[in-house]
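One structure is given below, encoded as structure tokens.
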């Protein structure tokens with residue numbers, strides 16, 4: 001039954017991945033990508049990698065895809081121009097995809113032939129994938145984990161610094177100067193004498209004289 005579920009999720013994942021690159025509507029392509037992420041997470045769950053499955057849902061579906069949809073809806077991008085000549089490169093892309101699939105199959109089959117009893121491991125009761133992963137990260141792989149965190153921090157700071165550069169054509173107001181402004185500096189009350197309304201004389205009656 002596990003193999004049947006695996007092939008079902010794998011087939012849906014391949015279909016969703018194909019629709020991501022063939023859908024004309026970018027929002028539909030993004031939704032198909034979300035579907036592919038969900039099926040990938042289901043495959044991780046079948047492999048008893050619960051932490052990776054949850055991370056895939058939270059990080060990619062919950063953050064990356066929301067940002068992608070926001071960019072697609074806010075920017076006026078002409079996707080028809082971007083997709084011109086798409087079908088012209090399909091044979092080359094299909095050939096490369098087939099070669100990569102054959103290479104991965106050969107590598108996995110060669111690796112499985114070397115390992116006795118290759119496949120899913122039956123873990124004992126009470127096994128926690130997230131706990132084991134945490135123990136490995138903070139013991140054996142502590143230094144690489146910290147280096148990766150530092151690299152991500154540097155990348156985040158660099159992205160923020162690029163957005164904070166001064167531009168010549170933008171209008172900037174210092175909030176501190178706005179707070180220090182008082183009413184008398186902006187509003188001036190002027191006392192002016194009231195003006196009399198001009199009186200309008202009633203028209204004289206025409207007595208018929210030239």
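For segment 90-128, a residue qualifies if it is at pLDDT 75 or above and surrounded by fewer than 10 Cβ atoms within 10 Å (Cβ to Cβ), and the qualifying residues are 91, 92.
Looking only at residues of segment 10-27 that are at pLDDT below 85 and in a helix (DSSP H, G or I), we find that the one that is surrounded by the most Cβ atoms within 10 Å (Cβ to Cβ) is 26.
Consider residue 146 against the criteria (1) at pLDDT 80 or above; (2) loosely packed, with under 11 Cβ neighbours inside 10 Å: it satisfies all of them except one. Which criterion is unmet? It fails just one condition, (2).
Among residues of segment 128-157 that are touching a residue at least 60 places away in the same chain (Cβ under 8 Å), those with a beta-carbon under 9 Å from a residue that is in a helix (DSSP H, G or I) at least six positions away or on a different chain give the pairs 129/50; 129/51; 129/52; 130/50; 130/51; 130/54; 133/51; 133/52.
The values are calculated or read from the model by the stated rules, or taken from the named source; none is laboratory data. Every value quoted in this text rests on a predicted model; they were computed, and no experiment measured them. Heads up, the Cβs are rebuilt from the backbone with ideal geometry, glycines too, and the neighbour counts pull from every protein chain shown.
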